[in-house]
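J.: Before I ask anything, let me first share the structure, which is written out below as structure tokens.
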Amino acid sequence: RDQCLAKELYNWRSGTYKTDCAGNDWLYDSSKYPWTLTPYSSYSSDVFLVYTSGYVTNYDAYRAYAVRPSLYLTSETKISLADGNGSSTNPYIIVP
């Protein structure tokens, strides 16, 4: 998992990153572009779209491409190291 977290998402499309990282990350889908939660300041209806090449641009949020669940973590939030390894079949357990 450490090597996956240290590697750019656009480099997850080949080699061991494709199987070890992309293959075990249930949020990752190389056929869809990820979006940010941050709106574009010039157009409140736009958010940022991240292409697989790493290029970032603004785009209409109402199109709802590649919507994935997300959450905010605070300094009090813990991940249980006793349960889960971060893979798609054994995800981390978040403890409030």
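J.: Is it fair to say residue 49 is assigned to a strand (DSSP E or B) and modelled with pLDDT of 75 or more?
T.: yes
J.: Please go through segment 54-70 and give me each residue that is of a type outside the set (D, E, K, R), at pLDDT 65 or above, over 20 Å from residue 13 (Cα atoms) and out of contact with any Pro (no Cβ under 8 Å at 6 or more places or on another chain), ordered by number.
T.: 57, 58, 59, 62
The values are calculated or read from the model by the stated rules, or taken from the named source; none is laboratory data. Keep in mind that this is a model prediction, so the values were computed, not measured. Here the Cβ is made from the backbone with ideal geometry for all residues, glycine too, and neighbour counts use every protein chain on show.
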